[in-house]
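See below for the structure under consideration.
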Amino acid sequence: MLDLIVQLKEEESLAELKSMLAEGVDHRDLLACFMEGMRRVGTKFETGVYFIAALIMAGEIMRSATEILRPYLKPGHPNNKGRVLIGTIEGDIHDLGKNLFALLLNCNGFEVIDLGVDVPVVNFLQKARELKPDAICISCVLTTSVEYLKDAVKVLADEFPFAKNRIVVGGTCLDARLAEYVGVSLWARDAAEGLKICQKIVHTNPAV
Ligand code: B12
């Protein structure tokens, strides 16, 4: 299936996904396969083998795969309800990872307010003031948006004394070093890790 994804064969890769699900293959492994496919398409883009049209095509494949996997993401016992504000940082229009994370939060009983993509800090600020979320989750996929993220973290932390323990960042371009650079201690490698962080925040430090 990985080869089909990397070759951007939408119909074939999705058909393969459906048949593997029907055979009982773990949906987490299948999701991981699609994500690895996206990574490889990205590398081909980086090295000049693929062009922007391939990224668009890959995005469509990932979107459809997420839809097919959606029913499998529901857990057995929802708990830890809380409110999460989420968005992709300014300058960045990637939303598939963010949407996947939002879906996982939803399936686990969280109320999710999604501000969309290319979100300026002022929008995060306004909504955070209005809704007092348990967590503010910011997706950053592009390296070129890291400075916006750093700025957003500073503005939010200045405004809300406890924001530092409520801002969660994630996205392909981030790692522990960059998270530290933008001033955040809550960084997630993937959506599942992000979910655990949000559950912990609600457990130990619910918003009032
Ligand atoms: C599909 C795609 C696109 C699509 C996006 C469609 C969409 N609706 O999102 C389109 C065609 C729009 C696109 C455009 C561009 N892209 Co693009 N794109 C990709 C690609 C192939 C896949 C991304 C993806 O959806 N992955 C699958 C999702 C599920 O994974 P994910 O995003 O990593 O999310 C997971 C985690 O990171 C996490 N997560 C994500 N966000 C958050 C947030 C929180 C709070 C938490 C807890 C977790 C979390 O949860 C997810 C699940 O575990 C990647 C390749 C790659 N390596 O990722 C390049 C890639 C991200 N793109 C890249 C580039 C350069 C661009 C363009 C600048 C290209 C251009 N010259 O125009 C533009 C930028 C447009 C813009 N202003 O944003 C580069 C970025 C390099 C960098 N470090 O900055 C990459 C890495 C490709 C590459 N290797 O060069 N792209």
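Each reported figure results from applying straightforward, stated rules to the coordinates on display, with no laboratory input. Note that the structure is predicted; figures quoted are calculated from it, not measured. Using ideal geometry, Cβ is built from the backbone for each residue, glycine included, and neighbour counts are taken over all protein chains shown.
On a full-extension model of 0.36 nm per residue, what is the gain between Glu193 and Glu46, subtracting their alpha-carbon distance, rounded to one decimal in nm?
50.2 nm
Label the chain by shape, choosing from rounded, prolate and oblate, from the square roots a ≥ b ≥ c of the eigenvalues of the Cα gyration tensor; if a/c is under 1.5 it is rounded, and otherwise prolate applies when a/b is larger than b/c, oblate when it is not.
Oblate, because a/c is 1.5 or more while a/b does not exceed b/c.
Note down the relative contact order for the stretch 1-149 as a percent, whole number, built from C-alpha pairs under 8 angstrom at least six residues apart.
Across the stretch 1-149, relative contact order equals 22 percent.
Considering Cα pairs under 8 angstrom that are at least six residues apart, work out the relative contact order of the stretch 63-188 and quote it in whole percent.
25 percent.
What does a probe at Asn205 reach in the stretch 125-147, counting residues whose amide N is under 17 Å from the point 7 Å along Cα→Cβ?
Those under the cut-off are 128-129, 132-138.
Looking at the chain only, what percent of DSSP beta bridges run antiparallel? Nearest 5 please.
In the chain, approximately 0 percent of DSSP beta bridges are antiparallel ones.
Compute the signed sum of charges (Lys and Arg +1, Asp and Glu -1) over the other residues within less than 10 Å, Cβ to Cβ, of Ala157.
Neighbourhood net charge equals +1.
Of Lys9/Lys154; Lys44/Lys127; Lys98/Lys164; Lys127/Lys200, which pairs sit farther than 31 Å apart, going by alpha carbon to alpha carbon?
Beyond 31 Å between Cα atoms: Lys9/Lys154; Lys44/Lys127.
Return the equivalent ellipsoid semi-axes of the stretch 2-73 as a descending list in whole Å, where each equals the square root of 5 times an eigenvalue of the C-alpha gyration tensor.
That gives 22, 11, 10 Å for the three semi-axes.
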